[in-house]
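The values are calculated or read from the model by the stated rules, or taken from the named source; none is laboratory data. Note that the structure is predicted; figures quoted are calculated from it, not measured. Quick reminder, even Gly has a Cβ in these numbers, built from the backbone with ideal geometry, and neighbours come from all protein chains shown.
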Amino acid sequence: MHVSTQDLKQDHVTVRRIRDIAQRCSDRLYEGANIPLEDIDVISVVIEEFVDAFHHGKEEKAYFPSTEIKNDAYAEDVRKFKIEHEFGRRVAQMMRRHLKEWKSGVDGREPVARFLKTYAIYVTDHTGKEDRFFDMIEEMKSLSDKEDRQILEHYEMCKNDAGGSARIEELLRLIAWLEGRDWMK
Ligand SMILES: [Fe+2]
Ligand SMILES: [Fe+2]
């Protein structure tokens, strides 16, 4: 498997950790648990920066442009993936909006729980479909070694757009921190 494809599949492992946090947080909110709103803020930060800016950035700016040109079926898959990215961004935006209201005194427990749950379902569906797409790209040997290297160079630019290596490491630490919170147990 090419490194450029493997890299995105590896990101999906992290994205699914964020999904598990969102799902757990949603379940606990529905149960009426007290979760610090600052913790939900951190969930929104890792979604915005790791999933949207960093991971979707690599897909949209580097991997998809190199694969969608191969054939019409790939182009159609990529078109759907990009629409799904937009859907995910909207769900995250709605969650943030209700969280902000909640912080200003309007009870946002139900909508925040609902959008976190929707986000978790979205991640499962979307990353599952993309993983099958990535496997197909590899099985069909659709990428050359040269294209793989070019995509990897693009990833470096995407990483800088998302705040650089130090910021990505910080986001990974935040994900681990969330996993260790009391309400996650
Ligand atoms: Fe994606
Ligand atoms: Fe993805």
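Among the conditions (1) closer than 21 Å to Ala53 by Cβ; (2) touching a helix residue (DSSP H, G or I) at 6+ places or on another chain (Cβ under 7 Å); (3) not β-branched (Val, Ile, Thr), the only one that Arg97 does not satisfy is (2). The condition of being closer than 20 Å to Met184 by Cβ and either of a type outside the set (Val, Ile, Thr) or in a helix (DSSP H, G or I) (or both) holds for only one of Ala73, Ala92, that being Ala92. In region 85-108, the qualifying residues are those that are of a type outside the set (A, V, I, L, M) and in contact (Cβ under 8 Å) with a residue 24 or more places away in the chain, and the one that is surrounded by the fewest Cβ atoms within 10 Å (Cβ to Cβ) is Lys103.
Checking each residue in region 52-63 for being under 15 Å from Ala92 (Cβ atoms) and near ligand 2 (Cβ under 10 Å from one of its atoms) picks out His55, His56.
Okay, residues lined up against (1) more than 16 Å from ligand 2 (Cβ to nearest atom); (2) farther than 28 Å from Gln6 by Cα; (3) modelled with pLDDT under 95; (4) surrounded by fewer than 14 Cβ atoms within 10 Å (Cβ to Cβ):
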{"residue": "Pro65", "(1), (2), (3), (4)": "no, no, no, yes"}
{"residue": "Ile83", "(1), (2), (3), (4)": "no, no, no, yes"}
{"residue": "Glu110", "(1), (2), (3), (4)": "yes, yes, no, yes"}
{"residue": "Ala120", "(1), (2), (3), (4)": "no, no, no, no"}
{"residue": "Val123", "(1), (2), (3), (4)": "no, no, no, no"}
{"residue": "Gly128", "(1), (2), (3), (4)": "no, no, no, yes"}
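What number of residues in region 91-111 are more than 23 Å from His56 (Cα to Cα) and hydrophobic (A, V, I, L, M, F, W, C)? Residues meeting the conditions: 3. The set of residues in region 69-94 that are away from ligand 1 (no atom under 13 Å from the Cβ) and in contact with a helix residue (DSSP H, G or I) (Cβ under 6 Å, 6 or more places away or on another chain) comprises Tyr74, Val91, Ala92, Met94.
Quick check on this structure: which one of Gly180, Gly105 is among the small types (Gly, Ala, Ser), at positive phi and more than 15 Å from ligand 2 (Cβ to nearest atom)?
Details: Gly180 fails: at positive phi.
Answer to the selection: Gly105.
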